[in-house]
Amino acid sequence: MKKILIVEDELNMRMGLKDNLEFEGYQVDYAEDGQIGLEKIQVNNYDLVLLDVMLPKISGFDVCKKIRKEGINTPVILLTAKGEEIDKVRGLEIGADDYVTKPFSLRELLARIKALLRRTEKDTTSNEKKDDMQIGRIVVDFNTYTAFENGNSISFSHKEFEIISFLKKNINKTVSRDSLLKEIWGYDAHPTTRTVDNFILKLRQKIELDPNKPKIILTVHGIGYKMVGD
Ligand code: CA
């Protein structure tokens, strides 16, 4: 399911868009000012962002500029107010992918959303590049081996990254301790299944909201572990 973020301060517009997009089968998240919008874009993997220009705290332009500067390529459609012709041009210059002018028809907006999603889908499949991975509240970048939670970096060891990666590859499937040992430690080392358990405990402390009640890496009794998610 495609995930769309709506950054819009007008309540009626925000909720109206949310209802309509959900009706169309999108998963919808929203933010009511530029600051919250920016933070959400930084930590979540949205397929598309609807970004109002006139926003409290940080303008839509600045949000767009900032995320592009940080190398975030999430497709952005700007929502500009009537008569902001200059802003449209500026919008595309600062890295927005498209814009619609308020008041717009829902049909037009949906058509633009679909077109942009199709465009970016093609791009990502041709590049075969997906180095960012979202696990719970955490975004893991396997290019730089860094992880972020709400913009704060979390440090993982190389082994921890490998474990996360392997579990994620087998998302929603049970992975036995033995296969983790074989995959992560190989034959040259002599760790025990207890080592695996200790690593999982440490990982849970980093990625689970409540490490004692894990929701991301579950224990499958007598077998091993399972990462759950989408
Ligand atoms: Ca506004």
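The values are calculated or read from the model by the stated rules, or taken from the named source; none is laboratory data. Computed from a prediction, not measured in an experiment: that's the story for all the values here. Note that we place each Cβ from the backbone using ideal geometry, even for glycine, and neighbour counts take in every protein chain shown.
A few points about this structure:
- Residue check: M15 meets all listed conditions (1) hydrophobic (A, V, I, L, M, F, W, C); (2) modelled with pLDDT of 95 or more; (3) surrounded by 20 or more Cβ atoms within 10 Å (Cβ to Cβ); (4) within 15 Å of the ligand (Cβ to nearest atom) but one, namely (3).
- Extreme residue, farthest from the chain's Cα centre (by Cα), among residues of the stretch 18-32 that are away from the ligand (no atom under 14 Å from the Cβ) and part of a loop (DSSP other than H, G, I, E, B): E24
- Count of the stretch 33-51 residues, restricted to those that are in a helix (DSSP H, G or I) and not small (G, A, S), is 8.
- Of everything listed in (1) over 23 Å from Q134 (Cα atoms); (2) out of contact with any Lys or Arg (no Cβ under 9 Å at 6 or more places or on another chain), the single unmet condition for R204 is (1).
- Check on Q35, away from the ligand (no atom under 16 Å from the Cβ), at pLDDT 95 or above and out of contact with any Ser or Thr (no Cβ under 7 Å at 6 or more places or on another chain): no
- Boolean, V175 is in a strand (DSSP E or B) and over 18 Å from I138 (Cβ atoms): yes
- The residue of the stretch 196-217 that is nearest to W185 (Cα to Cα), among those that are without any contact (Cβ under 8 Å) to a residue 60 or more places away in the chain and either surrounded by 17 or more Cβ atoms within 10 Å (Cβ to Cβ) or of a type in the set (V, I, T) (or both), is V196.
- Scope the stretch 20-42; condition more than 16 Å from D9 (Cα to Cα) and surrounded by fewer than 16 Cβ atoms within 10 Å (Cβ to Cβ); matching residues: N20, E22, F23, E24, G25, Q27
- Scanning the stretch 82-110 for residues that are at pLDDT 80 or above and either outside the structural domain of D47 (by TED's automatic domain parsing) or over 23 Å from the mean Cα position of the chain (by Cα) (or both) yields a total of 9.
- Hits in the stretch 60-79 (condition: crowded, with 17+ Cβ neighbours inside 10 Å and within 16 Å of the ligand (Cβ to nearest atom)): G60, F61, V63, C64, V76, I77, L78, L79
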